[in-house]
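The values are calculated or read from the model by the stated rules, or taken from the named source; none is laboratory data. Note that this is a predicted model, so its numbers are computed, not measured. Here the Cβ is made from the backbone with ideal geometry for all residues, glycine too, and neighbour counts use every protein chain on show. Accessible surface areas use protein heavy atoms only, side chains included; no ligands, DNA or RNA. Shrake-Rupley method; radii C 1.70, N 1.55, O 1.52, S 1.80 Å.
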Amino acid sequence: FNDLDAALERQTAMTDVLDAVSTARTDLLPVFEAVTRHAFRLCDSATASLYVREGDTLVRSATLTPNETSASEWKAAGVDVGWTIRLDQVGLHPAIDTALTGKAIRLGGAAELYERYPDFPPLTGVRDALTLPLLRNGAVIGVLAFIRTAGVYSDADLGLLQTFANQAAIAVDNARLLREIEERNNDLAESLELQTATSDILRSISANPGDVTTVLEEILARAVALCDAEEGGLLIRHDDLLRFDAQITRSGGSVFLGREVPVADAGVNLKARDERRPVFVDDFDAFMRKRQDPTALPFIDTQRIGSFLTVPLMQDDVWLGNINVNRVDVRPFDERTGPILQAFADQAAIAMSNAKLFNDLNEALDRQTAMTEVLDAVSTARLDLSPVYEVVARHAGRLCGGHEALVTIREGDDVVVASRVVDSPEGYATFGARLPIDDSSPMGLACLTGELVHVRDWSSAADDYLPNANGRVVGAKASLAVPMLRNDIAVGVLGFMGDYAADLTDSQVALLQVFANQAAIAVDNARLLREIEARNNDLAESLELQTATSEVLALISANPGDLEAVFTGICVQAARLCGADHSGILRYEDGQIIVAASSAPENRAVLGMHLGPAPKYQMPEPVFIDDLRVLSTFAADLPLPVVSAVRVPLHFDGTLYGQLTVGRGEVRPFEPRHGRILEAFAEQAAIAISNANLFKALEEQTRIADEANAAKG
């Protein structure tokens with residue numbers, strides 16, 4: 001009966017252990033407790049301990065003692081659950097030899113125990129000591145250790161304890177396999193989550209090629225989530241400054257967004273940059289106290305940081321900035337978060353690089369389009385350059401971030417406003433306004449020197465520097481004047497004014513200089529066209545005058561004694577070539593002014609009319625009268641409604657014979673060339689008078705000869 005009862009009790013213990021093994025997963029404490037509890041109870045063990053091998057150490061995972069006194073002895077000896085034994089600590093514990101050899105060790109009493117293991121923790125009353133290996137596939141994965149203080153272990157005890165060891169080995173191996181599977185699953189899930197986040201970010205980069213801010217905000221949000229952080233910031237380098245270009249906080253605010261700090265003061269961020277790796281700060285407050293370095297992270301409210309992690313953003317070994325994440329409480333990041341955050345940093349670097357390439361390409365395309373439009377305007381412009389000026393002013397203002405641009409053209413000692421693009425009509429001078437070419441304004445100085453004039457801040461400029469500048473007068477922050485050079489001479493100036501003019505980059509100023517050069521080409525082309533057109537007009541006018549002169553000479557030849565016919569022909573040609581409404585010849589005879597000829601047949605009635613006494617003064621050559629109405633003394637000279645007029649004298653044999661006059665019925669002054677045309681016709685009239693006199697003399701001689709012959713006959 002006793003044997004049967006003992007067998008049943010052992011069978012119950014085995015069932016209990018097997019049940020613990022079958023239900024255990026990664027938490028093996030219930031298995032270890034069941035094994036040690038039954039070993040203690042059934043085998044009269046004073047102490048039962050279970051060690052699990054982890055690399056080159058044995059970690060005690062469970063221990064039971066018979067009473068508080070024994071437990072106190074273990075505790076006094078510094079031995080508690082979780083005690084770790086290194087396998088190179090020879091002489092400390094028999095479990096070391098069992099772990100190394102895979103064989104059980106039995107020591108009969110305290111004398112043998114301390115003789116072989118002198119460093120074993122001091123315990124009293126040891127009668128028997130036993131260590132059993134936990135074997136799985138021939139490898140030792142742990143050790144069971146038992147100590148009896150009353151009697152020794154029987155063969156039945158040894159068999160039962162070996163069974164416990166085998167079951168514990170199964171539990172340990174199962175837990176290891178489950179942990180490996182769980183870790184693999186976690187790694188796969190983490191990898192999948194990271195891959196998904198990366199795919200989403202790449203889609204965002206593709207969908208927002210030039211909007212880097214949107215992409216960086218999404219990257220930071222994903223990084224904070226996957227790193228199990230609570231806050232994060234993305235700092236981007238802008239020359240010598242680091243600036244918060246994206247931020248996530250627990251409150252959802254953006255207290256640091258846009259804040260800048262000198263690169264030299266970036267503290268722990270520089271460590272990540274210099275070492276090209278993630279930098280972990282487990283306890284930021286302790287880190288700050290230890291370093292006593294106020295520049296560790298001066299732009300962060302350190303009261304909000306418990307644990308901190310930063311990684312550098314690198315592109316082609318160029319540092320672009322950092323991604324920082326933190327937890328408000330002290331909860332250190334594990335090593336796996338470093339590569340995760342670095343992956344997001346790499347994505348951010350790609351996004352920034354792509355955005356820069358896209359924006360550079362877009363900007364280059366935009367500039368090329370603008371240049372094409374300017375060149376097209378230049379190529380099609382002739383004498384009217386307004387379209388060129390408008391295109392230049394519009395594109396210059398748009399591409400350089402402002403809307404106030406001015407085009408002025410050199411005319412004599414001034415530059416004249418030819419075109420403008422402004423936000424407010426009072427911003428710049430009006431069309432046609434003139435600015436002197438001197439050192440009183442940016443436009444005048446640029447035209448005077450042929451060099452660019454850039455005032456980035458009028459408030460810091462001396463009071464006597466460019467005192468008449470529009471920018472100074474209207475209170476603009478900055479001004480820029482770009483000369484339009486042709487053969488090193490300024491033919492005009494492009495002007496810009498406003499806050500944006502202070503921040504123009506070298507590339508923008510270079511673009512404006514290109515625009516100015518194109519405008520200068522248009523101005524020079526127009527000048528050449530005007531010269532060609534003027535030369536062509538002169539040639540056409542000369543040819544037309546030559547033709548008219550030939551016709552007058554033919555008229556003189558056909559009517560040698562008929563001055564009225566010749567004068568009428570001269571008046572018709574003079575009115576036509578001068579674009580006049582009326583033309584007439586007034587003859588001075590016997591101190592009177594007499595109408596000798598008119599260009600219009602309907603004016604025959606006035607021929608021979610006396611207009612008053614002839615002038616006593618010698619007429620200059622020629623006389624231009626823009627408005628006869630203000631010269632009442634001359635108004636009576638012509639019987640027709642003439643307002644603008646030109647008069648040239650008719651000289652014959654050194655005597656003032658009269659005058660040739662052309663007139664218009666409205667105020668439309670004649671040009672100097674019209675005076676030269678009338679002088680040519682006046683010479684023709686003198687020839688006609690000479691021929692008529694010769695013809696009359698010849699007729700008189702013929703008459704006298706005829707009379708003499710008749711008297712002789």
Exercise. Looking only at segment 389-396, decide whether some residue is assigned to a helix (DSSP H, G or I), over 15 Å from Gly495 (Cβ atoms) and either out of contact with any helix residue (DSSP H, G or I) (no Cβ under 6 Å at 6 or more places or on another chain) or open to solvent by 70 Å² or more (accessible area, probe 1.4 Å) (or both).
Key: no
Quiz item: Could you say whether any residue in segment 307-324 is farther than 24 Å from Ala264 by Cα and either among the polar types (S, T, N, Q) or open to solvent by 10 Å² or more (accessible area, probe 1.4 Å) (or both)?
Solution: no
Practice problem: Only residues in segment 642-660 that are among the aromatic types (Phe, Trp, Tyr) count as the first member; pair them with residues that are modelled with pLDDT under 90, Cβ under 6 angstrom, at least 6 apart or cross-chain, and list the lot. | Solution: Phe652/Ala686; Phe652/Ile689; Tyr657/Leu650
Exercise. Give the residue, chosen from Arg647, Arg604, that is modelled with pLDDT of 85 or more and either in contact with a Ser or Thr (Cβ under 6 Å, 6 or more places away or on another chain) or surrounded by fewer than 20 Cβ atoms within 10 Å (Cβ to Cβ) (or both).
Key: Arg647
Quiz item: Which ones in segment 347-370 are over 22 Å from Arg237 (Cα atoms) and surrounded by 16 or more Cβ atoms within 10 Å (Cβ to Cβ)?
Solution: Arg367, Ala370
Self-check item: Residue selected from segment 356-392 under the condition more than 16 Å from the chain's Cα centre (by Cα) and of a type in the set (Asp, Glu), by the criterion farthest from Ala516 (Cα to Cα)
Solution: Asp384
Quiz item: Yes or no: Glu533 part of a helix (DSSP H, G or I), without any contact (Cβ under 8 Å) to a residue 40 or more places away in the chain and surrounded by fewer than 16 Cβ atoms within 10 Å (Cβ to Cβ)?
Solution: no
Quiz item: Restricting attention to segment 627-635, does a residue exist that is surrounded by 13 or more Cβ atoms within 10 Å (Cβ to Cβ), in a loop (DSSP other than H, G, I, E, B), modelled with pLDDT under 80 and of a type outside the set (A, V, I, L, M)?
Solution: no
Quiz prompt | Flag for Asp376 being at pLDDT below 80, part of a helix (DSSP H, G or I) and among the acidic types (Asp, Glu) | solution = no
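Report whether or not Asp506 is open to solvent by 60 Å² or more (accessible area, probe 1.4 Å) and closer than 21 Å to Ala575 by Cβ.
Spelling it out, it is not the case that Asp506 is open to solvent by 60 Å² or more (accessible area, probe 1.4 Å) and closer than 21 Å to Ala575 by Cβ.
Against the definition (open to solvent by less than 40 Å² (accessible area, probe 1.4 Å) and either hydrophobic (A, V, I, L, M, F, W, C) or modelled with pLDDT under 85 (or both)), how does Ala710 come out, yes or no?
No: the conditions fail for Ala710.
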Quiz item: Could you list, in sequence order, the residues of segment 71-95 that are at pLDDT 50 or above, outside any loop (DSSP other than H, G, I, E, B) and within 20 Å of Gly142 (Cβ to Cβ)?
Solution: Thr84, Ile85, Arg86, Pro94, Ala95
Exercise. Hey, can you tell me all the residues within segment 83-98 that are under 15 Å from Tyr117 (Cα atoms) and touching a strand residue (DSSP E or B) at 6+ places or on another chain (Cβ under 9 Å)?
Key: Ile85, Arg86, Leu87, Leu92, His93, Pro94, Ala95, Ile96, Asp97, Thr98
Quiz item: What strands (runs of 3 or more DSSP E) completely inside segment 105-183 contain at least 3 residues that are open to solvent by less than 10 Å² (accessible area, probe 1.4 Å)?
Solution: 128-136, 139-148
Self-check item: Hey, Leu504 under 21 Å from Arg410 (Cβ atoms) and not β-branched (Val, Ile, Thr) or not
Solution: no
Quiz item: How many residues are open to solvent by 10 Å² or more (accessible area, probe 1.4 Å) and of a type outside the set (Lys, Arg) if we restrict to segment 471-497?
Solution: 9
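Take the conditions crowded, with 20+ Cβ neighbours inside 10 Å and either at pLDDT 80 or above or of a type outside the set (Val, Ile, Thr) (or both) and apply them to Val215. Does it pass?
On the way: crowded, with 20+ Cβ neighbours inside 10 Å: yes; either at pLDDT 80 or above or of a type outside the set (Val, Ile, Thr) (or both): yes.
So Val215 passes the test.
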Quiz item: With respect to Val595, is the statement that it is part of a helix (DSSP H, G or I), in contact (Cβ under 8 Å) with a residue 12 or more places away in the chain and β-branched (Val, Ile, Thr) true?
Solution: no
Self-check item: Matching residues, segment 419-444, being charged (D, E, K, R), modelled with pLDDT of 85 or more and assigned to a loop (DSSP other than H, G, I, E, B)
Solution: Asp438, Asp439
